[in-house]
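A short worksheet on the structure shown next.
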Amino acid sequence: MRRTKIVASIGPASWSEPALRKLIAAGADVLRINLSHGEPEAQLALVDRIRRVSAEEHREVGVLVDLPGPKLRMAAFPDAGVELVAGHEVELRCGAETSDADVIGVDLEELDLTAGDRVIGGDGAVVLEVVGGDGERSWGTSARAVVRRGGRLQGRPGIHLPDGAGGVAGPTPRDLALAQQAHEAGADAVAASFVQHASDVQRLLDTLGDDRPQVIAKIETASAVEEADEILAVADAVMVARGDLGIRLPLEDVPHVQKRLVRAAITAGRPVITATQMLESMVTAAYPTRAEVSDVANAVFDGTDAVMLSAETAVGADPAEAVAVMASVVTRAEREADYMQWGAKLGKLRRSRPLPTTARITDATCEGAWRAATNVGAAAIVCCTPDGDIARAIARFRPTVPVLAVTPSERTVRALSLAWGVTAVKGPDWATTDEMVWFGTEEAVNAGVARPGDVIVVVGGYPGDPEPAADMLRVVRLR
């Protein structure tokens, strides 16, 4: 059973019903709608199509809506483009309507740059360095910069400024409005681009209110990396968005940041998605490169909850084949992954952090369930969980036995499509702990993860508790 989940992005190559059917059959667990492209209304209409197809395939998949975030652009270059040569000095000018080899227009009212700051154009095609006296700030509507890495710019390429230099933190007011539309359309999760602080995530949470989709914070700025623990405390999940991280951080830092973020997310009990260029060559090629296969396998070894395909499935030559290859690589890597280390280290890591009483109770019960399942050779761990929190808490320990989440909520079933190793099923509601154990055991047999003679570990919380915690653990022998 594959435990690491697969997120597949939807685009022109994959948004038809037959293509969606193939993606789901190939193993996609979550389908991603990227609002950076196309008209939002048309994109959000895909939610109903995905629901219909997944119901026909008898497999619940999650729907993730990725918000566009702030996107700064340079003013338009001439049709043929402009070649910027290393060593040449240019002016960055706010409000300029066109760009050329000497003046580059920027879609901002004011710049706040320091001498030595890097400004990147065209997703890495050109690198500029702001010049001036030591410590002198280029406030106002223009700044001088020297081309450090030359290249061709044409059209209206994106421009990446240092964090905070142009007020480009997400979510933008448009993002907040789109998040509400995604909520109304039935999305299971929304992803916020270019967050820098926990307060950015909190604004999105406040906008969505109660009974909301999950909020995923995309970590793609240096500020977000520095404040990862604070962001993890409020976000429901995080995405390691390596594309923009590779632009905003030195490239050689990105693999280490990825590993650090995955560890931090698992410790915090938050699902983590590793994203960008995982099988990029499969946009056009029938097979991935060996380096890409190693990259996917290493993300599995890191312990990531999910790996994501972007252009490979949105505009690629064979989206379903990209998912199938990803599933094959992940399944093979999981046979070599040292998952026992997580459970051994996690208890100590969590106990070193100040946590509320309910979280400590859940931690202790889930650690006990993980140890009990190992010691008695359990066939499965069954989590009885209305909101999915207990299943996510168990998943942190990366148990080697199947984890079955039983929930009365269909939304929770789809939300758990991101959680490592968790298979979620909808079951009847329960009023007592005895009912909870009975229904959990029944669903384990129905799902095929246990049969007479097996032992399972059932974890849950007292029904109706105003301060819910996982405070019930029972080892059950099926007769």
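Once phi is turned into θ = phi - 60°, what whole-Hz ³J(HN,Hα) does the Karplus curve with 6.51, -1.76 and 1.60 give for every residue of region 318-329, x standing for Gly and Pro?
Computed from phi, the couplings for region 318-329 are 8, x, 5, 5, 4, 5, 4, 5, 4, 4, 5, 5 Hz.
Sorting check: for 111-119, 75-83, which peptide has the highest mean count of neighbouring beta carbons within 10 Å, and how do the rest follow? Don't skip to the answer; put the middle values down first.
Values: 111-119: 18.7, 75-83: 14.3.
Ranked by mean Cβ neighbours within 10 Å, highest first: 111-119, 75-83.
Starting from the amide H of Asn34, placed 1.01 Å from N in the peptide plane, find each other amide H under 5 Å away whose residue is 5 or more places distant or on another chain.
Ile10, Asp66
Report, in debye and to the nearest 20, how large the dipole of the chain comes out about its Cα centre when Lys and Arg carry +1 and Asp and Glu carry -1 on their Cβ.
Numbers: 50 positive and 67 negative charges, 377 e Å.
For the chain, the charge dipole is close to 1820 debye.
Rg and Dmax of region 82-160 over Cα atoms: what are they, in angstrom?
11.4, 34
Would you please give the residues with an amide H less than 5 Å from that of His88, counting only those at least 5 places away or on a separate chain, with H modeled from the backbone geometry?
So His88 has HN proximity to Val147.
Can you give the Kirkwood hydrodynamic radius for the chain, in Å, rounded to one decimal and based on Cα pairs?
Working: mean 1/r = 0.0423 Å⁻¹.
Value: 23.6 Å, from the Cα pair sum.
Which peptide among 202-213, 227-238, 53-64 comes first, and what is the full order, when sorted by highest mean count of other Cβ atoms within 10 Å? Intermediate values should be presented prior to the final figure.
On the way: 202-213: 15.1, 227-238: 20.7, 53-64: 18.8.
Top to bottom by mean Cβ count within 10 Å: 227-238, 53-64, 202-213.
If you take the Cα atoms of region 208-361, find Rg, then find the Kirkwood Rh from the mean of 1/r over all pairs, what is Rg/Rh? It would help to have the intermediate numbers written out before the result.
Values: Rg = 16.7 Å, Rh = 16.7 Å.
Taking Rg over the Kirkwood Rh, I get 1.00.
Compute the Kirkwood hydrodynamic radius of region 1-99, taking the inverse of the mean of 1/r over all pairs of distinct Cα atoms, and give it in Å to one decimal. Don't skip to the end; give the middle numbers.
Details: mean 1/r = 0.0599 Å⁻¹.
About 16.7 Å, per the Kirkwood formula over Cα pairs.
Tell me the label-point distance for the pair Ala45, Leu355, using the 7 Å Cα-to-Cβ offset, in nm and rounded to one decimal.
Result for the modelled spin labels: 4.6 nm.
Go from 0 up to the bin containing the longest alpha carbon distance in region 291-392, width 5 Å each, and give me the % of pairs per bin.
Computed distribution, short to long bins: 2, 10, 15, 16, 16, 14, 12, 9, 5, 1, 0.
Long-range amide H contacts for Leu108: which residues qualify at under 5 Å (H placed 1.01 Å from N, peptide plane, sequence gap of 5 or more or a different chain)?
The answer is Gly95.
Based solely on its DSSP helices, what 222 nm [θ] is calculated for the chain when runs of n ≥ 4 H residues each add -39,500 (n - 2.57) and the sum is averaged over all residues, nearest 500 deg cm²/dmol? Display every interim value, and only then the final one.
Values: 17 runs with 176 residues, N = 479.
Only helices count here, giving -11000 deg cm²/dmol.
Ordered by residue, what ³J(HN,Hα) values in Hz, to whole numbers, does region 239-244 give under the Karplus form 6.51 cos²θ - 1.76 cosθ + 1.60, where θ = phi - 60° and Gly and Pro are x?
10, 7, 8, 5, x, 6
Roughly how many Å is it from the Cα centre of region 456-471 to that of region 1-62, as a whole number?
Between the Cα centres of region 456-471 and region 1-62 lies a distance of 33 Å.
Report, in cubic angstrom per residue, the convex hull volume of the C-alpha atoms of region 340-477. Could you put the intermediate results ahead of the total?
Values: hull volume 12.9 nm³, N = 138.
For region 340-477, the hull spanned by Cα atoms encloses 94 Å³ per residue.
Quick one: which of 281-288, 443-450 comes out on top by average Cβ neighbours within 10 Å, and what's the full order, highest first? Write out the running numbers ahead of the final one.
Numbers: 281-288: 16.2, 443-450: 18.0.
Taking the mean over residues of other Cβ atoms within 10 Å, the ranking is 443-450, 281-288.
³J(HN,Hα) across region 413-426 via Karplus (A = 6.51, B = -1.76, C = 1.60, θ = phi - 60°), whole Hz, x for Gly/Pro?
Working through the residues one at a time gives 4, 6, 4, 7, 5, 8, 7, 4, x, 9, 9, 10, 9, 8 Hz.
Values quoted throughout were computed directly from the atomic coordinates according to the rules given, and no laboratory measurement underlies them. Keep in mind it's a predicted model, so treat the numbers as computed, not measured. Virtual Cβ from ideal backbone geometry, glycine too; neighbours counted across all protein chains shown.
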